[in-house]
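Below is one structure, written out as structure tokens; comments come after it.
What follows draws every value from the coordinates through simple rules; no lab data is involved. Because the structure is a prediction, the values reported are computed rather than measured. Heads up, the Cβs are rebuilt from the backbone with ideal geometry, glycines too, and the neighbour counts pull from every protein chain shown.
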Amino acid sequence: MLFGAFQLPLTLVTLLAGWALARRAGWVPAAIGPSVALTAGPARAVRVAGWGFLLAVPWALGNVVNGPLETDHVTKGWQPVAAALQPGVAEEAWGRVFLIAALYVLFRRVARPDTALLCAALLATLWFAFLHAPAAPLTALFLAALHVLPMTWLFLRRGLEAAIGFHVCVDLVRYAAAYAAFIALWSI
């Protein structure tokens with residue numbers, strides 16, 4: 001609960017700052033990293049998030065095949081949803097919207113727009129993956145290529161809601177499988 005309370009202001013501030021940077025960088029007319037909820041309405045945003053969710057199913061099932069992580073402790077039925085929604089929204093706000101826009105603004109000072117966007121997206125992708133596997137550089141590279149890069153692409157090309165849907169699916173299926181394993185072991 002304490003971590004969630006800390007994440008809420010961080011998420012709001014980085015989301016608003018990221019959108020301000022994106023608007024300043026000219027991304028809004030170019031439809032780079034849009035918020036579908038703001039540009040096309042909430043109903044369309046829900047559909048885009050659902051599309052991102054469905055697109056992530058193969059990645060999510062791949063996580064299940066690899067088995068639960070040691071940190072996947074879910075013992076109550078509501079925990080998989082909470083454990084998927086919190087990072088799915090918060091990490092997309094600071095790890096995608098804010099970080100890519102901030103890096104783009106920085107790189108744009110010395111590079112063409114396309115090069116600045118590519119460098120910002122790749123650096124944010126690598127950094128985000130490193131945060132998830134800091135002690136294992138090869139795992140971080142694999143994670144960046146397999147999981148984080150698709151979320152980055154979805155954010156830049158299809159919108160924040162598509163990236164959130166993808167992220168939530170990957171985590172929800174993982175935590176739901178961990179909960180199912182917990183229930184199965186508990187009933188033995």
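The figures follow:
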read-out	value
Filter result (outside any helix (DSSP H, G or I) and not polar (S, T, N, Q)) within the stretch 22-35	Gly26, Ala31, Ile32, Gly33, Pro34
Filter pass, Thr11 being crowded, with 18+ Cβ neighbours inside 10 Å and polar (S, T, N, Q)	yes
Of all residues in the stretch 72-115 being more than 21 Å from the chain's Cα centre (by Cα) and among the β-branched types (Val, Ile, Thr), the one that is nearest to Gly159 (Cα to Cα)	Thr115
Residue in the stretch 112-135 that is polar (S, T, N, Q) and touching a helix residue (DSSP H, G or I) at 6+ places or on another chain (Cβ under 6 Å) present	yes
Among the candidates Thr125, Thr139, residue that is within 24 Å of Leu55 (Cβ to Cβ) and either free of Cβ contacts under 8 Å to residues at least 12 places away in the same chain or of a type in the set (Asp, Glu) (or both)	Thr139
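To keep it simple, each residue is scored yes or no on (1) surrounded by fewer than 24 Cβ atoms within 10 Å (Cβ to Cβ); (2) touching a Phe, Trp or Tyr at 6+ places or on another chain (Cβ under 6 Å); (3) β-branched (Val, Ile, Thr); (4) farther than 15 Å from Gly95 by Cβ.
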site: Ala136; (1), (2), (3), (4): yes, no, no, yes
site: Leu141; (1), (2), (3), (4): yes, no, no, yes
site: Met151; (1), (2), (3), (4): no, yes, no, no
site: Arg158; (1), (2), (3), (4): yes, no, no, yes
site: Val173; (1), (2), (3), (4): yes, no, yes, yes
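Yes/no matrix, rows are residues, columns are (1) in a helix (DSSP H, G or I); (2) under 18 Å from Gly165 (Cα atoms); (3) touching a residue at least 60 places away in the same chain (Cβ under 8 Å); (4) basic (Lys, Arg):
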{"position": "Ala5", "(1), (2), (3), (4)": "yes, no, no, no"}
{"position": "Leu16", "(1), (2), (3), (4)": "yes, no, no, no"}
{"position": "Ala20", "(1), (2), (3), (4)": "yes, no, no, no"}
{"position": "Ala37", "(1), (2), (3), (4)": "yes, yes, yes, no"}
{"position": "Gly50", "(1), (2), (3), (4)": "yes, yes, yes, no"}
{"position": "Thr75", "(1), (2), (3), (4)": "no, no, yes, no"}
{"position": "Leu85", "(1), (2), (3), (4)": "yes, yes, yes, no"}
{"position": "Ala90", "(1), (2), (3), (4)": "yes, yes, yes, no"}
{"position": "Arg96", "(1), (2), (3), (4)": "yes, yes, yes, yes"}
